[in-house]
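What follows is a short report on a single structure.
The values are calculated or read from the model by the stated rules, or taken from the named source; none is laboratory data. Everything numeric in this text was worked out from a predicted model, so none of it was measured. Heads up, the Cβs are rebuilt from the backbone with ideal geometry, glycines too, and the neighbour counts pull from every protein chain shown. Keep in mind that these areas ignore ligands, DNA and RNA; they rest on the heavy atoms of the full protein, side chains included. Shrake-Rupley method; radii C 1.70, N 1.55, O 1.52, S 1.80 Å.
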Amino acid sequence: MTTLFDPLKLGDIALNNRIVMAPLTRNRALPGQVPGPLTVEYYTQRASAGLIIAEATQVSAMGQGYLDTPGIHSAEQVAGWRKVTDAVHAAGGRIILQLWHVGRISHTSLLPGGASPVSSTSRRPNAQCFTRDGFVDVSAPRALRDDELPGLIDDYRRAARNAIDAGFDGVEVHSANSYLLEQFLRDSVNDRSGPYGGPLENRARLLLEIMAAVVAEVGAGRTGVRLSPATTFCDTPLDSNPQALHSHVLDRLSALGIAFVHMIEGETGGERAPASVKPPIDYAALRARFNGGWIANNGYDRQMAMDAVASGGIDAVAFGRPFISNPDLVRRLRDNAPHNDLRADLMYGGGAAGYTDYPALGAA
Ligand code: 8OZ
């Protein structure tokens, strides 16, 4: 029987165990959106994870929607991330980067030259983002023209290349949690006509073209994707048929041969089976359509994770908040040891407190 502590291959990426550190926004990048020494320490402390998926990281300056999140589009950012990946590898870990564009979840004060956020639509959600002035309503977006999309695809391709140049073992394209690619996927947001709007095949086109470009650049064996069919984060209503939409996406991703899918089950950070999702998403049916590895996420505890991996339904489990407060989460799960309490007020922004000062077991 397979356990959480057994090795796993996700495409070309060899994991020592099936415990994945989920991507976690921590807002501690230095000026220039560059990861600094504290970020090196934070990830190195967590290198016993089978795989670290480093936090959501902008593919371009236009992809930013929160204060002090890192990027992967400048030479300084690549050099900063190189220090992270070298240290994690020296500690025996594996680390990939999550490639992010927030789309309409942004504010003019965060964007180059005070530009408007860009999206599939010009409709503004009733959502907030975190800026120099604290939480503010997001700015009205501008709908991207179709002739701008090749440039956007190229931003993801270049970001994937930069991630590999920075020493990452692979990349995860962020197509979840209300950000740009979900703004194209869902008919609740995407109000376009033409090749990228209307039928689900059209709404999925941008994601699939980005995935193909990333695969061509860095290889399918180093490429994954994160999806969240049931999440309504940032005033992003469900698609009218999330099961059909995601079935199509997974059929195409399977044909592309990518290494893994990372599925957020239920409402991100919330209920695993929200009553508002009718009919409920059939995650097992989605999993059955995809030939590569499958990472499940959202509110798993130790027993659920062990049972899910033992059943063979999924290959690995991603933990988010437990990895913030427990750098040695793998050991604590193995030994069934207690967890440190999370200091939720220190999750976003600040320095070492609540970032690199959570003790490992046995530490003073
Ligand atoms: C929390 C705060 C800001 C961003 C996500 C990247 O939900 C995020 C995020 C989470 O995927």
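Examine segment 98-106 for a residue that is in contact with a strand residue (DSSP E or B) (Cβ under 6 Å, 6 or more places away or on another chain), more than 15 Å from Leu180 (Cα to Cα) and open to solvent by less than 30 Å² (accessible area, probe 1.4 Å), and state whether such a residue exists. Among the residues of segment 98-106, not one is in contact with a strand residue (DSSP E or B) (Cβ under 6 Å, 6 or more places away or on another chain), more than 15 Å from Leu180 (Cα to Cα) and open to solvent by less than 30 Å² (accessible area, probe 1.4 Å), which makes the answer no. A Cβ distance below 7 Å, combined with a sequence gap of six or more or placement on separate chains, defines the contacts here; from segment 8-27, residues that are of a type in the set (Asp, Glu) reach no residue that is modelled with pLDDT under 95 and near the ligand (Cβ under 9 Å from one of its atoms).
Evaluate the following for Gly92: is it touching a residue at least 40 places away in the same chain (Cβ under 8 Å), closer than 30 Å to Ser120 by Cβ and surrounded by fewer than 17 Cβ atoms within 10 Å (Cβ to Cβ)?
On the way: touching a residue at least 40 places away in the same chain (Cβ under 8 Å): yes; closer than 30 Å to Ser120 by Cβ: no; surrounded by fewer than 17 Cβ atoms within 10 Å (Cβ to Cβ): yes.
No: the conditions fail for Gly92.
Determine, yes or no, whether Ser109 is hydroxyl-bearing (Ser, Thr, Tyr), at pLDDT 95 or above and surrounded by fewer than 14 Cβ atoms within 10 Å (Cβ to Cβ). Steps first, answer last, please.
Numbers: hydroxyl-bearing (Ser, Thr, Tyr): yes; at pLDDT 95 or above: yes; surrounded by fewer than 14 Cβ atoms within 10 Å (Cβ to Cβ): yes.
So Ser109 passes the test.
The lone criterion from (1) open to solvent by less than 10 Å² (accessible area, probe 1.4 Å); (2) among the β-branched types (Val, Ile, Thr); (3) touching a Phe, Trp or Tyr at 6+ places or on another chain (Cβ under 6 Å) left unmet by Ile314 is number (1).
The set of residues in segment 281-300 that are in a loop (DSSP other than H, G, I, E, B) and either under 19 Å from Ile19 (Cβ atoms) or without any contact (Cβ under 8 Å) to a residue 40 or more places away in the chain (or both) comprises Asp282, Asn291, Gly292, Asn298, Gly299, Tyr300.
Kindly check whether there is at least one residue in segment 8-21 that is within 16 Å of the ligand (Cβ to nearest atom) and modelled with pLDDT of 95 or more.
Of all residues in segment 8-21, those within 16 Å of the ligand (Cβ to nearest atom) come to 20-21.
Restricting the remaining residues to those that are modelled with pLDDT of 95 or more gives 20-21.
Yes, segment 8-21 contains at least one residue that is within 16 Å of the ligand (Cβ to nearest atom) and modelled with pLDDT of 95 or more.
With the requirement that a residue be buried (at least 20 other Cβ atoms within 10 Å of the Cβ) and small (Gly, Ala, Ser), what does segment 1-31 give you? Answer for segment 1-31, where residues must be buried (at least 20 other Cβ atoms within 10 Å of the Cβ) and small (Gly, Ala, Ser): Ala22, Ala29. Working only within segment 161-180, note down all residues that are of a type in the set (Asp, Glu) and either within 16 Å of the ligand (Cβ to nearest atom) or assigned to a strand (DSSP E or B) (or both). Scanning segment 161-180 gives a single hit, Glu172. Can you confirm whether Phe233 is surrounded by 14 or more Cβ atoms within 10 Å (Cβ to Cβ), at pLDDT below 95 and either within 16 Å of the ligand (Cβ to nearest atom) or charged (D, E, K, R) (or both)? Here the answer is yes, as Phe233 does meet what is asked. For Ile95, the conditions (1) more than 16 Å from the ligand (Cβ to nearest atom); (2) of a type outside the set (Gly, Ala, Ser); (3) over 19 Å from the mean Cα position of the chain (by Cα); (4) at pLDDT 95 or above all hold with the exception of (3).
On the basis of being in contact with a strand residue (DSSP E or B) (Cβ under 7 Å, 6 or more places away or on another chain) and either under 25 Å from Gly198 (Cβ atoms) or in contact (Cβ under 8 Å) with a residue 12 or more places away in the chain (or both), does Gly80 make the cut? Yes; evaluated as a whole, the condition is true for this residue.
Each residue in segment 59-73 was checked for being within 13 Å of the ligand (Cβ to nearest atom) and assigned to a helix (DSSP H, G or I), and 1 pass. Take Gly257 and decide whether it is open to solvent by 20 Å² or more (accessible area, probe 1.4 Å), under 30 Å from Glu217 (Cα atoms) and modelled with pLDDT of 95 or more. Judged against the criteria, Gly257 is a match.
Scanning segment 181-232 for residues that are hydroxyl-bearing (Ser, Thr, Tyr), in a loop (DSSP other than H, G, I, E, B) and touching a residue at least 40 places away in the same chain (Cβ under 8 Å) returns Ser188, Tyr196, Ser228, Thr231, Thr232.
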